[in-house]
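The values are calculated or read from the model by the stated rules, or taken from the named source; none is laboratory data. Just so it is clear, the structure is predicted and the values come from calculations on it, not from any experiment. Don't worry about glycine lacking a Cβ; one is built from the backbone with ideal geometry, like all the others, and counts go over all protein chains shown.
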Amino acid sequence: MRLIVPYLFLALACFFDLEERRIPNEITYGMFITGLLYQALKDGLGAIPGVLGWTAVCLGLVAILSKAFRLGGGDIKLAMASAAWLREYTPVALFIAFSLIIVWTVVLAVKKYGVRNLLNSILLEALYHTKLNLGVQLPGAVFLALGYAIADCLWNETVIILA
């Protein structure tokens, strides 16, 4: 169950985020509730406070970083739903997701502006507080799903077969 259910929700979230630029509440709430139920069935009802605690940690981290990474409400709820499944590995998954967002943003910026113009734009932003606009909104669900999958593989020895 742990190998199928969260990945189904993450795949749906990625699909909707890429196609419609939003993630339906049914996906995020469904993922959170099934994660909560899974943890309760696996470890007993005593696991629920821990799951809620890691969800609160996730909310705190994402609340601090969501504006900088331009995450929408659906992305924030998806990160919290992922916390119900990952528990103590949630910060690692978020670190991986945000690192991937940074790398992808740099790649897009270099592609759009070139290295020299990008460095000039960063200097202007630092001096005059202007905003660097890539004209692209990144689908946060994709990066959150990648962070989840990598953290899951690292700590739970999950094998993902890409066909």
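Brief remarks on what is shown
- In the stretch 10-32, the residues that are under 19 Å from D152 (Cβ atoms) and free of Cβ contacts under 8 Å to residues at least 60 places away in the same chain form Cβ pairs under 7 Å with partners that are of a type in the set (K, R) and assigned to a helix (DSSP H, G or I), at six or more places apart or across chains, as follows: T28/K77.
Residue-by-condition table, conditions (1) at pLDDT 90 or above; (2) among the small types (G, A, S); (3) closer than 16 Å to Q137 by Cα:
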site: G30; (1), (2), (3): yes, yes, no
site: Y38; (1), (2), (3): yes, no, no
site: L45; (1), (2), (3): no, no, no
site: Y113; (1), (2), (3): no, no, no
site: R116; (1), (2), (3): no, no, no
site: L123; (1), (2), (3): no, no, no
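- Across the stretch 83-92, the number of residues qualifying as touching a Phe, Trp or Tyr at 6+ places or on another chain (Cβ under 6 Å) and either surrounded by 24 or more Cβ atoms within 10 Å (Cβ to Cβ) or free of Cβ contacts under 8 Å to residues at least 60 places away in the same chain (or both) comes to 4.
- Checking every residue in the stretch 71-82 against the condition of being within 16 Å of L138 (Cα to Cα) and loosely packed, with under 14 Cβ neighbours inside 10 Å gives at least one match.
Here's the yes/no breakdown for (1) over 13 Å from the mean Cα position of the chain (by Cα); (2) aliphatic (A, V, I, L, M):
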position	(1), (2)
V5	yes, yes
L8	yes, yes
I33	yes, yes
A56	yes, yes
G72	no, no
I76	no, yes
L86	no, yes
V103	yes, yes
V107	yes, yes
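- Any hit, the stretch 29-42, residues being closer than 11 Å to L78 by Cα, among the aromatic types (F, W, Y), surrounded by fewer than 21 Cβ atoms within 10 Å (Cβ to Cβ) and touching a helix residue (DSSP H, G or I) at 6+ places or on another chain (Cβ under 9 Å): yes
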